[in-house]
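What follows is a short report on a single structure.
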Amino acid sequence: MSSNRTTFATKLGVIAAAVGSAVGLGNIWRFPYEAGQSGGGAFLLIYLICVAVLGIPLIISEFLIGRTSHSNVGGAFKKLAPGSHWGIMGYMSVLACFLILSFYTVIAGWTIEYVYQAVMNGFSGKSTVELTQAFTDFSTDTYSPLFWLTLFLLANYLIIAGGVKNGIEKASNIMMPFLFVILIVFCVRSLFLPGASEGMSFLFKPDFSKVNSSVLLSAVGQAFFSLSLGMGCLITYGSYFSKETKLGKTAVTVAVLDTLVAIMAGIMIFPAVFTYGIEPSQGPSLVFITLPNVFQQMPGAYIWSILFFVLLATAALTSTVSMFEVITAFVHEEYKISRKKATALSILVCFVFGVVCSLSIGPWKEYTLFGMNIFDLFDYVSANILLPLGGLLVSLFVGYRLDKKITYMQLTNDESYKVWYYKPLLFIVRYFAPIAIVLIFLSGIGFFGK
Ligand code: PFF
């Protein structure tokens, strides 16, 4: 089975697809508002530590599970630990993917509405108050978000049905480099706004009085979310790596680029927040309100605003494609359903969940569970519970269940080069990551008292 399974065609394709999965709304939409709600600089610092000491080792772990097994996430654990309960990881990952996809595709739909608005010159001449109102009216509306959601899901279908090489890899190769260029332009523009120094110190100056255990959990959750960790995505992509791909190097590249984009998003957004008197803790609407303000102050605003939202939508697309790929590969390989049918099925299920999430912000906002609407609940449960749990299980699997020889051979590509991090990696997945994740999780949910 493994020999005729497809692989990414080129080294660049591997990086583009993995970075394409990691870089998305998590960096540009979620990171700034999480940082904004959790005190800025202190959150950033904790976030960076999480990426370095938990994120990178776990990315490597997922990659190596994928490449060893050449399987979808469920099949991978079944193959590597036959006769055990580890196969459950498949179902857990698929569940996490659906939960994330259901709110993520709604936001992605919003980004397409903003492309449309930009094309129609809809931001021009509007004050901050008007932009805020326009956003609220749109996002709480019943039908228009659903229209864009449907369109976005169709785009996913076309790419995934195209397959790994022609669909995912080609799309990522084209889109990702563009995104970097445009982010740089926006960062530079933001740095010349009057609120730049205030914005920069909010983002970079840690205020530890804001740090508590729930901030810690949010930072871990955000790191996992942003790196696409803990839900089988990097296992699935790892299964398409060729035997020449260097796992450690690829993992570091993905983590560094992903973090860079998150920081650039912060640099782009916080100066604008302070310039236009927007609350940094505004929440999910932050990007949609701050950026149209920034565009208006730029020469060539019309083109920049279109470009920005097109790229945000495409960054979202390369991420959702990676989540759909987890589900598609799982259903296709484990249940022997054709790839096209598996894709269509997962998109249909996601559509239903997406509709629920979208309506839960508008007409159904009174329906809450644990004090959250469905949208926030799915976000909280996936990022703060399922992803850390997935990460914990991956680290235990590589630490204790997987044969150490396999880990070594995977890290060194069958001893074709030397690595210094074999032992540190084992230490992290055996002891550090499990203990850290459990402690942060328990304190984050208030186990040790608030
Ligand atoms: N990492 C993506 C982002 O930051 O937008 C979101 C994501 C993609 C999460 C794939 C999980 C995943 F498996």
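The values are calculated or read from the model by the stated rules, or taken from the named source; none is laboratory data. A quick note: this is a predicted structure, and the numbers were derived from the prediction, not measured. Backbone-built Cβ (ideal geometry, glycine too); neighbour counts: all protein chains shown. The accessibility values were calculated without ligands, DNA or RNA, using every heavy atom of the protein model including side chains. Shrake-Rupley method; radii C 1.70, N 1.55, O 1.52, S 1.80 Å.
What the table shows:
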{"item": "Extreme residue, surrounded by the fewest Cβ atoms within 10 Å (Cβ to Cβ), among residues of region 113-135 that are among the small types (Gly, Ala, Ser) and more than 28 Å from the chain's Cα centre (by Cα)", "result": "GLY125"}
{"item": "Exclusive hit being aromatic (Phe, Trp, Tyr) and open to solvent by 80 Å² or more (accessible area, probe 1.4 Å), set PHE397, PHE448, PHE441", "result": "PHE448"}
{"item": "Among (1) assigned to a helix (DSSP H, G or I); (2) open to solvent by 40 Å² or more (accessible area, probe 1.4 Å); (3) under 24 Å from ILE374 (Cα atoms); (4) away from the ligand (no atom under 16 Å from the Cβ) - the single one SER281 does not satisfy", "result": "(1)"}
{"item": "Test: LEU311 is open to solvent by less than 20 Å² (accessible area, probe 1.4 Å), touching a Leu at 6+ places or on another chain (Cβ under 6 Å) and either within 16 Å of the ligand (Cβ to nearest atom) or under 30 Å from GLY122 (Cα atoms) (or both)", "result": "yes"}
{"item": "Some residue of region 68-87 being open to solvent by 10 Å² or more (accessible area, probe 1.4 Å) and within 13 Å of the ligand (Cβ to nearest atom)", "result": "no"}
{"item": "First in region 301-324 and farther than 27 Å from GLY232 by Cβ and of a type in the set (Gly, Ala, Ser), second anywhere and in a helix (DSSP H, G or I) and more than 13 Å from the ligand (Cβ to nearest atom), Cβ under 6 Å, 6 or more apart", "result": "ALA301/PHE295; SER305/ALA118; SER305/PHE295"}
{"item": "Check on ILE327, away from the ligand (no atom under 15 Å from the Cβ) and in contact (Cβ under 8 Å) with a residue 60 or more places away in the chain", "result": "no"}
{"item": "Candidate set from region 27-52 (those that are within 15 Å of ASN212 (Cα to Cα) and among the aliphatic types (A, V, I, L, M)); member that is farthest from the ligand (Cβ to nearest atom)", "result": "ALA42"}
{"item": "Residues of region 325-343 satisfying the condition of being assigned to a helix (DSSP H, G or I) and either acidic (Asp, Glu) or surrounded by fewer than 24 Cβ atoms within 10 Å (Cβ to Cβ) (or both)", "result": "GLU325, VAL331, HIS332, GLU333, GLU334, ARG339, LYS340, LYS341, ALA342"}
{"item": "Count - residues of region 215-244 that are open to solvent by less than 10 Å² (accessible area, probe 1.4 Å), more than 10 Å from the ligand (Cβ to nearest atom) and part of a loop (DSSP other than H, G, I, E, B)", "result": "3"}
